[in-house]
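Undergrad: The structure that follows is given in the form of structure tokens.
Values in this text are rule-based calculations from the coordinates and carry no lab data. This is a predicted model, so every value here is computed, not measured. Neighbour counts are summed over all protein chains in view; Cβ atoms, including those assigned to glycine, are modelled from backbone coordinates with ideal geometry.
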Amino acid sequence: MIKISKDKPKFETTTLWDFPTQNYGDRPHGDNKYPGVTPAFIIWNLLQRYTKEGDLVVDPMCGSGTSIDVCKEENRKVLGFDIVPYRTDIKQADARKLPLDSEVADFVFIDSPYSDNIKYNDHPDNIGNISCENAKFFEELEKVTKEAHRILKLGKYIAWLIGDQAKKKKFVPVGLKLYSILAKYFKPVDIICVTRHHQTSNTPIWHQRARKYNFYLRGFKYLIIMQKALKK
């Protein structure tokens, strides 16, 4: 039975998650000023369901280190990697080629770019510098998927947070395309809808434009959960 302390976040039981703030508690988890920072609530909820104390969590695209901070508080071992590390406890590595042996991770979490909409850095190998309108973007995400499959233990889980893109009236269903890629390597478990907050388009002028020009603003991200199935 999962025991939840009253000073911890809400333990989610539905497929709709809504977190108005990035952080919980009185200590930072990651940097809430970092572009596209991961909500700490998401990491915390995933750890409760898919890991136990002492398990090794791997985050191949660690960003500002949200997963590291949450894992340490929850007594999980954690390895965070990034193409350009944001802080000293994040190791430099490409998510498509991690310096890890096969089948070492008990859980993999990925919060990846979903196009070139956010400028993270100028590293030539940064997937976030490729538009999702380019087929190469999904080819690179598939390489990340294969690597995640390689490092994950049999029977263990991966969770991937990603959004769609609607730009200049062109819609790219990034989440669905990624789901199709993941399903080639993993067993589907569920899809969570995570409400988006604080994006730059969530302003009166953008809502007015959405009505006037008949388009939709992005209101959610996908949290895709899958399992590395046991060999038959």
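Undergrad: Could you list, bin by bin from short to long, the percent of Cα-Cα pairs of the chain in 10 Å steps?
TA: 7, 33, 39, 17, 4, 0
Undergrad: Below 14 angstrom from the Cβ of V189, what's the summed charge of the other residues (Lys, Arg +1; Asp, Glu -1)?
TA: Net charge around V189: +3.
Undergrad: Note down the nm distance, to one decimal, between modelled labels 7 Å out along Cα→Cβ at K170 and at N121.
TA: Using points 7 Å along Cα→Cβ, the separation is 2.8 nm.
Undergrad: Cross-link list K119/K177; K97/K184; K10/K146: which exceed 25 angstrom alpha carbon to alpha carbon?
TA: On the way: K119/K177 22 Å; K97/K184 19 Å; K10/K146 32 Å.
Pairs exceeding 25 Å: K10/K146.
Undergrad: Which residues make up the longest stretch of the chain that has no GluC sites (Glu not before Pro) in a DSSP loop with at most 15 other Cβ atoms within 10 Å? Intermediate values should be presented prior to the final figure.
TA: Details: sites that count: E53, E103, E133.
Counting at most 15 other Cβ atoms within 10 Å as exposed, the longest clean stretch of the chain is 134-232.
Undergrad: Same structure again: In whole angstrom, and with the biggest value first, how far do the Cα coordinates of the stretch 58-121 range along each principal axis?
TA: Largest to smallest, the principal-axis extents are 34, 26, 21 Å.
Undergrad: For a test of the definition: using alpha carbon positions, the gyration tensor, and the 1.5 limit on a/c, classify the stretch 1-121 as rounded, prolate or oblate. All intermediate terms of the calculation are to be shown ahead of the outcome.
TA: Values: a/c = 1.75, a/b = 1.24, b/c = 1.41.
Oblate, since a/c reaches 1.5 and b/c is not below a/b.
Undergrad: Sticking with this one: Run the numbers for L16 and K52: contour at 0.36 nm per residue of separation, minus the present Cα-Cα distance, in nm. Before the final figure, lay out each step's value.
TA: Numbers: separation 36, 0.36 × 36 = 12.96 nm, distance 2.35 nm.
My answer for the length gained is 10.6 nm.
Undergrad: Taking other Cβ within 10 Å of each residue's Cβ, how do T195, T145, T51, T66 sort, fewest first? Walk me through the intermediate numbers first.
TA: Numbers: T195 13, T145 24, T51 21, T66 29.
In order of increasing Cβ crowding within 10 Å: T195, T51, T145, T66.
Undergrad: Would you work out which of Y120, H29, I83 lies farthest towards the positive end of the dipole of the stretch 16-227? Charges go on Cβ: Lys and Arg +1, Asp and Glu -1.
TA: Y120
Undergrad: Among all the lysines, which ones have a C-alpha under 17 Å from K77's C-alpha, if same-chain residues fewer than 8 places away are not counted?
TA: Filter leaves K52, K91, K153, K156.
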